[in-house]
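These notes are about the structure you will find just below.
The values are calculated or read from the model by the stated rules, or taken from the named source; none is laboratory data. Keep in mind the model is a prediction, meaning the values are calculated, not measured. All Cβ positions, glycine included, derive from the backbone under ideal geometry; neighbour counts span all protein chains shown.
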Amino acid sequence: MNIVIGADHGGYQLKNTLTGFLKDRGHGVADVGAFSDESSDYPDFARLVADKIISLEAERGILICGSGVGASVAANKFHGIRAAVCHDTYSSRQGVEDDDMNVLCLGARIIGEELAKEVVTAFLKARFKGLDRYKRRLRKVKEIEEQWMKRS
C-alpha cells in the first residue's frame, strides 16, 4: 500500500520510526516532513498529507503531532479526508471498517513506539466494510462536506 506520512516537530522522531517500520513491511512511503525537530506547524503537514491522498498518490495517510489532536483538526478541513486520533488498535481498525477513515493521527507525546506500530498495522490492515448503514452514514458526512464547501 502507498502511505503518506507527515509530522510536525513534536512527531518528528515517531514519524522516522514509523517510516522505517512501514518500509520494512513493503509499503511505499512518501515522507512529507518535517525533516528536523525544529519548531514547525502541523497544518502545513496536514495539507501535504491531504494533497497526496486527494491526488491518489497515496491510499492512506498518517499524521503525527504532540497529541494528535491538532493534526486531526487540520486534516479534517480538507475535502475527502476523514481523519481521527487513535491510540488503540480497536479505534484504528473500526475507524476504517465503519467510517472509511483514510488518515490516522497519532500523538507522539501520548503513545509509545511499539503501540504506535500496532495501531498503524491495524489501520492499514482494515478495509471499509461497505455495509448499507455505513454507506448511508458516509454519504451523510459527504453531504455535510459538500454543503459547507458551497458556503465558502
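Quick notes on this one:
- Positions within the stretch 75-90 being under 13 Å from Arg60 (Cβ atoms) and crowded, with 17+ Cβ neighbours inside 10 Å, in sequence order: Ala75, Ile81, Arg82, Ala83, Ala84, Cys86
- Residue list for the stretch 63-85, filter: closer than 18 Å to Val29 by Cβ and touching a residue at least 60 places away in the same chain (Cβ under 8 Å): Ala71
- Restricting attention to the stretch 23-47, the residues being within 14 Å of the chain's Cα centre (by Cα) and surrounded by 18 or more Cβ atoms within 10 Å (Cβ to Cβ) number 6.
- Given (1) among the polar types (S, T, N, Q); (2) surrounded by 13 or more Cβ atoms within 10 Å (Cβ to Cβ); (3) modelled with pLDDT under 95, number of the condition Gln147 does not satisfy: (2)
- Check on Ala34, in contact with a Phe, Trp or Tyr (Cβ under 6 Å, 6 or more places away or on another chain) and hydrophobic (A, V, I, L, M, F, W, C): yes
- Residue match in the stretch 86-94 (condition: assigned to a helix (DSSP H, G or I) and under 25 Å from Gln147 (Cβ atoms)): no
- Index of the failed condition, Thr19 passing every other in (1) β-branched (Val, Ile, Thr); (2) in a helix (DSSP H, G or I); (3) in contact (Cβ under 8 Å) with a residue 24 or more places away in the chain: (3)
- In the stretch 104-124, residue surrounded by the most Cβ atoms within 10 Å (Cβ to Cβ) [restricted to those that are small (Gly, Ala, Ser) and touching a residue at least 12 places away in the same chain (Cβ under 8 Å)]: Ala108
- Within the option set Arg93, Arg127, Arg136, being surrounded by fewer than 17 Cβ atoms within 10 Å (Cβ to Cβ), closer than 25 Å to Lys23 by Cβ and not acidic (Asp, Glu) holds for one residue only, Arg127.
- Residue in the stretch 41-48 that is in contact with an Asp or Glu (Cβ under 8 Å, 6 or more places away or on another chain), without any contact (Cβ under 8 Å) to a residue 40 or more places away in the chain and assigned to a loop (DSSP other than H, G, I, E, B) present: yes
- Failed item, numbered, when Asp98 is tested on (1) farther than 26 Å from Trp148 by Cβ; (2) in a helix (DSSP H, G or I); (3) not aliphatic (A, V, I, L, M): (1)
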